[in-house]
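Enquirer: My structure is below; once you've seen it, I'll send some questions.
What follows draws every value from the coordinates through simple rules; no lab data is involved. Keep in mind the model is a prediction, meaning the values are calculated, not measured. Using ideal geometry, Cβ is built from the backbone for each residue, glycine included, and neighbour counts are taken over all protein chains shown.
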Amino acid sequence: MRRNVLAAVLFALVLAGPLLAAIKSGSDSEVLIFSAPPRETAEEGALTYKPLTDYLSKITGKTVKYSWPRTWGVYRTQMINGQYDIVFDGPHFTGWRVQKLSYQVVAKVAGARDYAIFVRTDSKINSVDQLGGMTVCTQSAPNLNAVILSSRFNKTAKQPVMVPSKGLAKVYDGVESGRCAAGVLPTTDITARDTNKTMKLLYTTEVMPEQAFSVSPRVTADVRAKITSALLSGDVVNPTERLRKRFQGGDRFVASNNAEYLSYASLLDDQWGFNDDTR
């Protein structure tokens, strides 16, 4: 018992330490940490995000540094601890930080999309409930695709077996090949790949806003205004060319606000670390 208590205390200190350090750094910090989920290698992340952080450094007068989180576990912990000053990620993370950490949404990728849980048309599975105990190809939790799946099952229900698949193509291929009974993807991605009409949709989400930029409450109002202006400016086109191409973001980012994202925080209710019951 004493060993368990000690372990819990030490773990709490590990979680609390970075947050306390971040708070102590204050809003007058000359270094702002930018991050995004580990959807790419360190090299790909630098190629994608460093041009943007260099641009934001020039505009804000601060040193904006890109921090690559090696794993989803690292990203989850550092985000929960509030270690990032500027973040670019999905609606569930963005909404959670708005709700729990008082972050401010400043801009987003243009457009919106919905997501679907799908199976092969020759599958005998006709509802999401039947996926309990079945294999489902999805990206690792707390990626949006994975939390959409888990949100369809209450805690007492038999859970599906998630098969981590790196990249959207591998999720689709996993279902097509029969490696997984089902998968979770944006509906537009399923439609684009399903040229032979071999898939059927079991469940489709509401249309959600795209990836967004949000800013920590440690960032002063004037610096936040500069970041917002920089992201909405035509000058952002070149430093974000690679980023916008990846997320099909059009010519530039568009204005957004907290209300657009707040409701999606609930998708993380059952994910470890995102509410008091799971910490």
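Enquirer: Return the calculated 222 nm mean residue ellipticity for the chain, to the nearest 500 deg cm²/dmol, obtained by summing -39500 (n - 2.57) across DSSP H runs with n ≥ 4 and dividing by the residue count. Could you put the intermediate results ahead of the total?
Expert: Details: 9 runs with 105 residues, N = 279.
Per the formula, -11500 deg cm²/dmol.
Enquirer: So which trypsin sites (Lys or Arg not before Pro) in region 96-152 are both in a DSSP loop and have at most 11 other Cβ atoms within 10 Å of their Cβ? Working shown, then result.
Expert: Values: sites: R97, K100, K108, R113, R120, K124, R152; in loops: K124, R152.
Qualifying residues, ordered by number: K124.
Enquirer: What ranking do S123, S35 get, fewest neighbouring Cβ atoms within 10 angstrom at the top? Mind showing how you got there, number by number?
Expert: Details: S123 17, S35 23.
Taking fewest neighbouring Cβ atoms as first place, the list is S123, S35.
Enquirer: Can you give the net charge of the other residues whose Cβ lies under 13 Å from the Cβ of G174, counting K and R as +1 and D and E as -1?
Expert: Working: positive: R120, K166, K170, R179, R193; negative: D173, E176.
Charge balance in the 13 Å sphere: +3.
Enquirer: What percent antiparallel are the DSSP beta bridges of region 115-205, to the nearest 5?
Expert: Counting DSSP beta bridges with both partners in region 115-205, the antiparallel share is about 60 percent.
Enquirer: Report, in cubic angstrom per residue, the convex hull volume of the C-alpha atoms of region 194-279.
Expert: Numbers: hull volume 14.9 nm³, N = 86.
Hull volume over Cα atoms, normalised by residue count, gives 174 Å³.
Enquirer: Right, here's the next one. Using the crude model of +1 on Lys and Arg Cβ and -1 on Asp and Glu Cβ, and no other charge, please compute the dipole size for region 165-256 relative to its Cα centre, in debye to 20. List each step's numbers first, then the result.
Expert: Details: 14 positive and 10 negative charges, 51 e Å.
For region 165-256, the charge dipole is close to 240 debye.
Enquirer: Same structure again: Among DSSP beta bridges lying fully in the chain, give the percent that are antiparallel, nearest 5. Mind dumping the intermediate values first?
Expert: Numbers: 20 of 32 bridges.
Approximately 60 percent, going by the DSSP bridge assignments.
Enquirer: Put a dot 7 Å past each Cα toward the Cβ at L47 and N257; how far apart are the dots in nm?
Expert: Distance between the two pseudo-spin positions: 3.9 nm.
Enquirer: What stretch of the chain, leaving out the sites themselves, is the longest with no GluC sites (Glu not before Pro) in a DSSP loop having at most 13 other Cβ atoms within 10 Å? Please report the intermediate quantities before stating the final value.
Expert: On the way: sites that count: E30, E206.
In short, 31-205.
Enquirer: Sticking with this one: Using Cα pairs closer than 8 Å and at least 6 residues apart in sequence, work out the relative contact order for the chain, in percent. Each step should come with its number before you reach the end.
Expert: On the way: 476 pairs, mean separation 79.8, N = 279.
For the chain, the relative contact order is 29 percent.
Enquirer: Just grab the label-to-label distance for T121 and K58, each label 7 Å out from Cα along the Cβ direction, in nm (one decimal).
Expert: It is 5.2 nm.
Enquirer: Have a look at L52, L268, L232 and tell me which one the Gaussian network model of the chain (Cα, springs below 10 Å) gives the largest fluctuation.
Expert: L232
Enquirer: Give or take rounding to whole Å, what are the principal axis extents of the alpha carbon atoms in region 54-118, in descending order?
Expert: The Cα atoms of region 54-118 stretch 46, 28, 24 Å along their principal axes.
Enquirer: Over 23 Å between Cα atoms, which of K158/K197; K108/K155; K108/K245; K50/K245; K124/K158; K197/K245 qualify? Don't skip to the answer; put the middle values down first.
Expert: Values: K158/K197 30 Å; K108/K155 33 Å; K108/K245 14 Å; K50/K245 15 Å; K124/K158 18 Å; K197/K245 27 Å.
Violating the 23 Å Cα-Cα cut-off are K158/K197; K108/K155; K197/K245.
Enquirer: So how strong a dipole does the chain carry about its Cα centre when Lys and Arg Cβ are +1 and Asp and Glu Cβ are -1, to the nearest 20 debye?
Expert: Values: 34 positive and 26 negative charges, 110 e Å.
It works out to roughly 520 debye.
Enquirer: Taking only complete DSSP H runs, can you tell me which helices of the chain stretch 18 Å or more along their own long axis by Cα positions and average at least -1.0 on the Kyte-Doolittle scale? Mind dumping the intermediate values first?
Expert: Numbers: long enough: 2-25 (34 Å, 1.43); 42-60 (25 Å, -0.33).
TM-like helix candidates: 2-25, 42-60.
Enquirer: Please compute, for the alpha-carbon atoms of region 115-205, the extent along each of the three principal axes and give them in descending order in Å.
Expert: Principal axes ranked by extent give 37, 26, 23 Å for the Cα atoms.
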